[in-house]
1. Answer yes if at least one residue in the range 98-117 is at pLDDT below 80, outside any helix (DSSP H, G or I), charged (D, E, K, R) and on the phi > 0 side of the Ramachandran plot, and no otherwise.
2. Quick check on the range 157-170. Is at least one of its residues modelled with pLDDT under 90, under 28 Å from Ile22 (Cα atoms) and among the aliphatic types (A, V, I, L, M)?
3. Here are some residues: Arg141, Arg150. Which one is free of Cβ contacts under 8 Å to residues at least 40 places away in the same chain and under 23 Å from Asn32 (Cβ atoms)?
4. Just name the residue that is nearest to Ser38 (Cα to Cα) out of those in the range 123-132 that are surrounded by fewer than 16 Cβ atoms within 10 Å (Cβ to Cβ) and among the charged types (D, E, K, R).
5. Among the residues of the range 54-82, which ones are touching a residue at least 40 places away in the same chain (Cβ under 8 Å) and under 13 Å from the mean Cα position of the chain (by Cα)?
6. When the residues of the range 48-71 are narrowed to those that are in contact with a Phe, Trp or Tyr (Cβ under 9 Å, 6 or more places away or on another chain) and part of a loop (DSSP other than H, G, I, E, B), which ends up surrounded by the fewest Cβ atoms within 10 Å (Cβ to Cβ)?
7. Output the residues belonging to the range 15-47 that are buried (at least 17 other Cβ atoms within 10 Å of the Cβ) and of a type in the set (Ser, Thr, Tyr).
8. For the range 133-184, what are the residues that are aliphatic (A, V, I, L, M) and loosely packed, with under 13 Cβ neighbours inside 10 Å?
Amino acid sequence: MSELDFIRSWNENNSRSNFELIYSKYLDSILNYLRMFSKDEDLIRDVFQDSIIVLYENSQKKDFELTCTVQTYLTSICRNRLYKVLNKTKTDELNQQNYDTNISDWLDEVTEQHEQKLNLIESALMELKRVGNRCYELIYRYFFHKESMRVIAKAMKYTNAENAKQQKARCQKKLKELIKTIKP
């Protein structure tokens, strides 16, 4: 039985355990992903719970066709819902600072128009993380946790903030190069 069939059977079987299985299967990984965009734990949990309901409701539509994994679909729902909430409440952490690079501009102006670019950035970041590159940590700390270069230098054991800043520039260049190699 596919996950989509499993989800569709929630209503037929009235099985809370089926729902809880899907919920618990993806909870940690999706919450970790959402934490890249917001530090508000209550908000991201609410978004995840709302998205589970959207997944269920969409799966019950006769014309609904899943063209990706349930995890990918659920992650996309969560990301889109989180963007809408952050933009609506004007607390979007991505728009609090102005950066002078294309990547940060994409991150600052998160809209549905930029979703493809954001997906490319996410893929490149995950590739950096997968290969164990320190660039992932540096970029993550700077753009998503809004840490200063001084704090990053100390945490990552760079000699000073200026060295960390130079490494950030190299990492951004590496990220841009990785993005160019990823097929949209």
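1. Among the residues of the range 98-117, not one is at pLDDT below 80, outside any helix (DSSP H, G or I), charged (D, E, K, R) and on the phi > 0 side of the Ramachandran plot, which makes the answer no.
2. No; the residues of the range 157-170 include none that is modelled with pLDDT under 90, under 28 Å from Ile22 (Cα atoms) and among the aliphatic types (A, V, I, L, M).
3. Going through Arg141, Arg150 in turn, the sole match is Arg141.
4. Lys129
5. Hits for the range 54-82 are Gln71, Leu74, Thr75, Cys78, Arg79, Leu82.
6. Looking at residues that are in contact with a Phe, Trp or Tyr (Cβ under 9 Å, 6 or more places away or on another chain) and part of a loop (DSSP other than H, G, I, E, B), I get Thr67.
7. Once the filter is applied, which keeps residues that are buried (at least 17 other Cβ atoms within 10 Å of the Cβ) and of a type in the set (Ser, Thr, Tyr), the range 15-47 yields Tyr26, Tyr33, Ser38.
8. Ala169 - this is the single residue of the range 133-184 that is aliphatic (A, V, I, L, M) and loosely packed, with under 13 Cβ neighbours inside 10 Å.
The values are calculated or read from the model by the stated rules, or taken from the named source; none is laboratory data. Model, not experiment: these values are computed from the prediction. All Cβ positions, glycine included, derive from the backbone under ideal geometry; neighbour counts span all protein chains shown.
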